[in-house]
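Please treat every number below as a calculation from the coordinates, not as lab data. The shown structure was predicted, so the numbers you read here are calculated from the model rather than taken from an experiment. As a convention, Cβ positions derive from the backbone with ideal geometry for all residues, glycine included, and neighbour counts pool all protein chains shown.
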Amino acid sequence: MLAMAERLDSTAALVTGASSGIGEATALVLAKAGASVALVARRRDRLDELAARVRATGVGALAIETDVTDEEQARGAVARAAAEFGRLDTVVNNAGVMLLGPIVDAETSEWSRMIDLNVTALLHVTHAALPHLIRAAESSPRRVADIVNVSSTAGRIARLGSGVYNASKFAVNAFSESLRQEVTKRHVRVALVEPGAVATELASHNKPQVQEMIRARFGETERLEADDIADAIAYIVTRPRRVAINEMLVRPTEQDM
């Protein structure tokens, strides 16, 4: 249970990729800490069900069916959230896709999907949110705001068969650090969370042979749960104003790389 001094009461958060996995778990943990939450994803039925669970904790919820790879939709989602709640204090850029495979003879449409969602959508959501976050950091109740970008161990180590996914996550890491330097003196904190293997739907978007490769690599490993990463995000955004957690690497205990 979060201490009262670290709660998010009277604040508002936006979470992308909120319809499942890490995004869903993060929305719920932020709601339990007192934040109203805008839920951004493409699957409306899941968003509506999650919104009901968020409201059951006693805070506001807004389900926004959005394709964040479309710049106009991404900006519209941020604007709707800020208008609904009157402010925006926390943004969690969680939406992402992982499509692994060799570079030689690759289907480059898969590369475009990863760059569009993992990088470009994150840039658009962040850019649209920054004016709201800067204002929130100047006002009560907390006088600090947070951007959390969900990256990956793939943003640290390039591996065979993961080249463009690696490139997308390295880009997120570089962007996050540059932005951190730009806004940190305005009390907008920028954090990276870099999960290792997590039991979510992420791997299911790959071709069957790639899924088999992933199972072979992690078959004996007890993977992280989405709640483990949500807890890490909650820790980051509930620190006192003077504390910035800029990077958090979270691996399964049994994962060696």
Residue separation between D105 and E71 times 0.36 nm, minus their alpha-carbon distance, gives in nm 9.3 nm
Can you return the lysines within cross-link range of K185? Criterion is Cα-Cα under 28 Å, with same-chain partners fewer than 8 residues away left out. K169
Mind checking the angle between helix 226-237 and the chain's longest principal axis? C-alpha axes, 0 to 90 degrees, to the nearest 10. 40
For region 16-56 and region 128-171, distance of Cα centres in Å: 19
Determine the shape class of region 125-186: with a ≥ b ≥ c the square roots of the Cα gyration tensor eigenvalues, call it rounded for a/c under 1.5, and otherwise prolate if a/b is greater than b/c, oblate otherwise. prolate
About its Cα centre, how strong a charge dipole does region 121-257 have in debye, to the nearest 20, once Lys and Arg get +1 and Asp and Glu get -1 at the Cβ? 720
Rounded FRET efficiency, nearest 0.05, which uses the C-beta distance separating A174 from R80 and R0 of 45 Å: 0.95
Most packed first (mean Cβ within 10 Å per residue), the peptides 241-251, 139-149 order as 139-149, 241-251
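Return the calculated 222 nm mean residue ellipticity for the chain, to the nearest 500 deg cm²/dmol, obtained by summing -39500 (n - 2.57) across DSSP H runs with n ≥ 4 and dividing by the residue count. Could the numbers behind the result be given before it?
Values: 8 runs with 107 residues, N = 257.
Estimated from H runs of four or more residues: -13500 deg cm²/dmol.
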Other-chain or far-sequence residues with amide H under 5 Å of L14's (modelled H): A38, T90, V91, V92
Report Rg (one decimal) and Dmax (nearest whole number) for region 60-198, counting Cα atoms only, units Å. 16.0, 54
Restricting attention to the alpha-carbon atoms of the chain, what are Rg (one decimal) and Dmax (integer), both in Å? 17.4, 55
Taking the 0 to 90 degree range and rounding to the nearest ten, how far is the long axis of helix 71-85 tilted relative to the main principal axis of the chain, both from C-alpha atoms? 30
What is the helix-to-structure angle for 44-55, meaning the angle in degrees between its Cα long axis and the longest Cα principal axis of the chain, kept from 0 to 90 and rounded to the nearest 10? 40
Which is farthest toward the positive dipole end of the chain among P102, V164, A61, measuring Cα position about the Cα centre, with Cβ charges +1 (Lys, Arg) and -1 (Asp, Glu)? A61
